[in-house]
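The values are calculated or read from the model by the stated rules, or taken from the named source; none is laboratory data. Quick caveat, the model's predicted, so the values are computed rather than measured. Note that each Cβ is placed from the backbone with ideal geometry, even for glycine, and that neighbours are counted across all protein chains shown.
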Amino acid sequence: MRLMRLPAPIGTWLYLLPGWWGLCLASKGLPDLKSLVLFGVAAILMRGSGCTLNDIVDRKIDAGVSRTASRPIPSGEVGVPAAVVFTAVQAVVSLAVLWWASEAAAVIVALCCPAFIVYPFMKRVTHLPQGWLGFCCNTLVFAGWATVTGGIGAPAVLMWVGVGFWTLGYDTIYGHQDKEDDRRIGMKSSSLFFGTSTRTWVSVFYVAALAALCAAGMDADSHWPFYVLLGAAAVHLIWQLATLDIDDPERCRLLFVSNRVTGVLVLLATVLGHWG
């Protein structure tokens, strides 16, 4: 359970919600309950697989970072061979669950699995690993759209762009928790790269995210409730920026977790966007 991060479900929510956005926007309201539930189960397993893989790759690094030293692999509670098997089992079962929802969804996520495998290595080669996370690992929005329509349309692409910038913003905030350890051990992150300019850059990313989501709603012929609720999400993001303190790790953690509220507001926008 700890390898899957079940005690810390915020990552699952942030991975799942864009998939639900795609489902609801394509359905022009609520999709069938079966698809929502299957996407939820698949997201738990796929996120668990990604986290386990990340812990395998980063086991030596995690041992030197105070926040992650007690994780099962760096602490020695779980061996690497067992963790590799667990990673594969979660991924395969996740894809099987998605296949039940939609063959197209399963194929899309399967094709994007290499992006998940590469992600743990990105912090070693680029200052923007959060960008890779945002634009290469948020493909569940495509799976959601394809479940309803059978393919990938322009609104899904625009929504994916929005999710990518949103992720880049909130994960930059998240990374400030570990910046001193990252600097000490030579790891790269957008948090270190942007430094004291973090608020400015995260503002840019959030504006880009909202603009792309607005364009997705327009392309999908959404009505006024979509834009009202997207405006509420914008207010929440402004609050994050106004209260951000990059030198307060606990504040950064709380603001990161609060993005679940942003995600739920956008979800409501996609559900109610064809009313009125």
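How many residues are assigned to a helix (DSSP H, G or I), more than 24 Å from the chain's Cα centre (by Cα) and in contact (Cβ under 8 Å) with a residue 24 or more places away in the chain when one looks only at the stretch 56-72? Break it down stepwise before answering.
First, the residues of the stretch 56-72 that are assigned to a helix (DSSP H, G or I): 56-57, 59-63.
Next, only the ones that are more than 24 Å from the chain's Cα centre (by Cα) stay: 60, 63.
If we keep only those that are in contact (Cβ under 8 Å) with a residue 24 or more places away in the chain as well, we get none.
Residues flagged as assigned to a helix (DSSP H, G or I), more than 24 Å from the chain's Cα centre (by Cα) and in contact (Cβ under 8 Å) with a residue 24 or more places away in the chain within the stretch 56-72 amount to 0.
Being out of contact with any Leu (no Cβ under 7 Å at 6 or more places or on another chain) and buried (at least 17 other Cβ atoms within 10 Å of the Cβ) is the filter; apply it to the stretch 117-135 and report the residue that is nearest to CYS24 (Cα to Cα).
Only one residue tops the list, namely PHE135.
Which residue is surrounded by the fewest Cβ atoms within 10 Å (Cβ to Cβ), if the candidates are limited to the stretch 23-41 and must be closer than 23 Å to THR87 by Cα and in contact (Cβ under 8 Å) with a residue 60 or more places away in the chain?
Filtering the stretch 23-41 down to residues closer than 23 Å to THR87 by Cα leaves 37-41.
With the extra rule that they be in contact (Cβ under 8 Å) with a residue 60 or more places away in the chain, the set shrinks to 38-39.
Details: LEU38: 19, PHE39: 26.
My answer is LEU38.
Scan (1) within 21 Å of PRO120 (Cα to Cα); (2) touching a helix residue (DSSP H, G or I) at 6+ places or on another chain (Cβ under 8 Å) for the single condition GLY29 breaks and write down its number.
Tallying (1) within 21 Å of PRO120 (Cα to Cα); (2) touching a helix residue (DSSP H, G or I) at 6+ places or on another chain (Cβ under 8 Å), GLY29 fails exactly one: (1).
Exactly one condition in (1) in a helix (DSSP H, G or I); (2) without any contact (Cβ under 8 Å) to a residue 12 or more places away in the chain is not met by TRP20; state its number.
(2)
So which of GLY144, GLY164 ends up being out of contact with any Ser or Thr (no Cβ under 9 Å at 6 or more places or on another chain), in a helix (DSSP H, G or I) and either crowded, with 21+ Cβ neighbours inside 10 Å or free of Cβ contacts under 8 Å to residues at least 12 places away in the same chain (or both)?
It is GLY164.
On the basis of being modelled with pLDDT of 95 or more and either assigned to a loop (DSSP other than H, G, I, E, B) or farther than 19 Å from ASP171 by Cα (or both), does SER75 make the cut?
It is false that SER75 is modelled with pLDDT of 95 or more and either assigned to a loop (DSSP other than H, G, I, E, B) or farther than 19 Å from ASP171 by Cα (or both).
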